[in-house]
Amino acid sequence: MIEIKDVTKIYTSKNRQVIGVDHVSLTIQAGEIFGVIGYSGAGKSTLLRCLNLLERPTSGQIMIDGVDLTSLNSEQLRQARLKIGMIFQHFYLVSSKTVFENIAFALKAANKPKEEIEKRVNELLDIVGLSDKRDAYPAQLSGGQKQRVGIARALANDPNVLLCDEATSALDPSTTKSILTLLKKINRELGITIVLITHEMEVVKDICDRVAVMQNGKIIELGTVYELFTNPKEELTKSFINSILQFEVPDHLLQKRTGTMVKILFKGESAEEAIVSDMLQTFKVKGNILHGKIEYIQNIPLGVFIMELTGERKEIERALDYISERTNGLEVIAHAA
Ligand SMILES: Nc1ncnc2c1ncn2[C@@H]1O[C@H](COP(=O)(O)OP(=O)(O)O)[C@@H](O)[C@H]1O
Ligand SMILES: [Mg+2]
């Protein structure tokens, strides 16, 4: 378990002070994949680097499994850091060393004997699916393969925690998916807690259990990924969600419509039931679907429909009551004039 207790990080440069992280308190459970999302400059990297004291908080504490990292001496801190792996957007591999040597480096730093290093690196190459690239140099690898080396190196000393700083931001969408799948496997099979920062909601949606939204150094919203997707409170959270779900209605759809425009949100089981078609059969209304989508978030369906209903006012109202009793959200966007 990671406890971030009232952590603030203030940078001082040229007599100017910049707040990187502003009074953040947060508990990350052992075994979860915890995401932090925010735009550039929000303080995500600073917060992540505080977790292994790459940045020392100006105030506050970082407790990992009950140990306050800020109270450790340098040797104790070195030992503690071996149990916290980290991967980066730009991989940071040593270009003059082979894949094997890049990974072995982390084990040499922990003073492991030669045979053990050999055995462990081969194991790690197997975990990340790069056994055939053992003797290749970084320049001969694709971006996804480089990140796999980064992951193997981060796992070398059997960490309990893996910190990921925009680990997929330099990768194309399909490579991103494969790296996220690997991270999920590492989390589920090796039981490693993952803290991941990103500016992409797609990444959060794909693998995180919980997510915190960060802005101006502060956590402004926090919850399970499903909670945030279905019930976002803050404007920033909504904009991140809209970036992939496009729940906003385009203006041109709203104009020149003669019926009642409604947005219907289906959560969980209701997303898979035939509520809309039942409604159309039960009431004398016509429905014209303008937009519809079902997303699966943490394997729970979340559907949205934007419909235009036409018919007699009274009949439409009864139809709307019917829908609102059976779904999780109904919003009348515009009524017929
Ligand atoms: N080493 C540093 N010195 C001074 N200011 C910094 C330093 N690192 C980050 N900052 C500032 O702290 C704030 C948060 O930065 P950062 O944690 O990198 O955000 P993010 O990772 O969300 O893009 C920004 O205003 C940034 O300019
Ligand atoms: Mg950053």
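The values are calculated or read from the model by the stated rules, or taken from the named source; none is laboratory data. Treat the numbers as computed from the prediction; the structure is a model and nothing was measured. Here the Cβ is made from the backbone with ideal geometry for all residues, glycine too, and neighbour counts use every protein chain on show. Calculation scope for accessible area: heavy atoms of the full protein, side chains included, ligands and nucleic acids excluded. Shrake-Rupley method; radii C 1.70, N 1.55, O 1.52, S 1.80 Å.
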Worksheet item: Relative contact order for segment 1-150 using alpha-carbon pairs under 8 Å, separation at least 6, rounded to a whole percent?
Response: 20 percent
Discussion item. 7 Å from Cα along Cα→Cβ at both Asp132 and His90: what's the point-to-point distance in nm?
Written reply: 3.1 nm
Worksheet item: Seen from all sides and averaged, what is the projected area of the convex hull of the Cα atoms in segment 1-151, in nm²?
Response: 11.1 nm²
Worksheet item: How many percent of all Cα-Cα pairs in segment 11-79 sit more than 20 Å apart?
Response: 36 percent
Worksheet item: Can you give the accessible area of Tyr39 in Å² (nearest 10), computed on protein heavy atoms with a 1.4 Å probe?
Response: 120 Å²
Worksheet entry | Asp278 accessible area, assembled protein chains, probe 1.4 Å, Å² | 70 Å²
Worksheet entry | Reduced Cα scattering model of segment 64-163, Debye log10 I(q)/I(0), q = 0.11, 0.13, 0.17, 0.20 Å⁻¹ | -0.34, -0.46, -0.74, -0.97
Worksheet entry | 5 Å-binned pair-distance histogram of segment 208-337 (Cα, whole percent) | 2, 10, 19, 20, 17, 13, 9, 5, 3, 1, 0
Practice prompt. Evaluate the distance, in nm, between pseudo-label points positioned 7 Å from the Cα of Phe105 and of Thr8 along their respective Cα→Cβ axes.
Written response: 3.7 nm
Response to the item:
With Rh as the Kirkwood radius over Cα pairs, the chain has Rg/Rh of 1.09
Worksheet item: What figure in square angstrom, to the nearest 10, would you give for the accessible area of Asp6 with a 1.4 Å probe?
Response: 80 Å²
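If each residue of separation counts as 0.36 nm, what is the full-extension length gain between Ala334 and Asp172 once their alpha-carbon separation is subtracted? Walk me through the numbers on the way to the answer.
Numbers: separation 162, 0.36 × 162 = 58.32 nm, distance 3.94 nm.
Full-extension gain reported as 54.4 nm.
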Fill in: Amide H contacts under 5 Å for Cys164, placed H, 5+ residues apart
Ile87, Val195, Leu196, Ile197
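Keeping all protein chains in place, calculate the accessible area per residue for segment 166-313 (probe 1.4 angstrom), answer in Å².
Details: 7110 Å² over 148 residues.
Each residue of segment 166-313 exposes 48 Å² on average to a 1.4 Å probe.
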